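Just so it is clear, none of the values below were taken in a lab; they were calculated from the coordinates. Values in this document were obtained by computation on a predicted structure and should not be read as measured data. Every residue, glycine as well, gets a Cβ built from its backbone with ideal geometry; the counts of neighbours run over all protein chains shown.
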Amino acid sequence: MTGRFPAFDHLNGPDPGRGDMKPGIHPDYHTTTVTCGCGNTFTTRSTAPNGQLTVETCSACHPFYTGKQRILDTGGRVARFEKRFGKRGAPAAK
């Protein structure tokens, strides 16, 4: 026991029973340029083969991040459905 919490001793250093990662089975992980449809570009790391990714939306143009999201009014749809088909009554007791 090396610390106050023996359950976490495995986090204190390398486990001698486990070796390094197996060589040759992991894809190349390199710097990648991401280009958005709005023209925004940024750099990240990825396994993309050519180092280029093209996306439709990013945090610069997505409505959730820009604060321009629409709140859908589903109450009007329910009222229209009830107007067309009528309200259902409560289910009959068995």
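Would you grab the residues whose amide H sits under 5 Å from the one on T57? Only those 5+ places off in sequence or on another chain, please, with H modelled 1.01 Å from N. Amide H neighbours of T57, under 5 Å, 5+ apart: G37.
With both labels modelled 7 Å from their Cα along Cα-to-Cβ, the T66 to L53 distance reads 2.1 nm. Taking other Cβ atoms within 10 Å as a rough exposure proxy, R77, R70 sort from fewest to most as R70, R77. Applying the Karplus relation 6.51 cos²θ - 1.76 cosθ + 1.60 with θ = phi - 60° to the stretch 44-57 yields 3J(HN,Hα) values of 8, 10, 7, 9, 4, x, 9, x, 10, 10, 10, 10, 7, 9 Hz, where x marks Gly and Pro.
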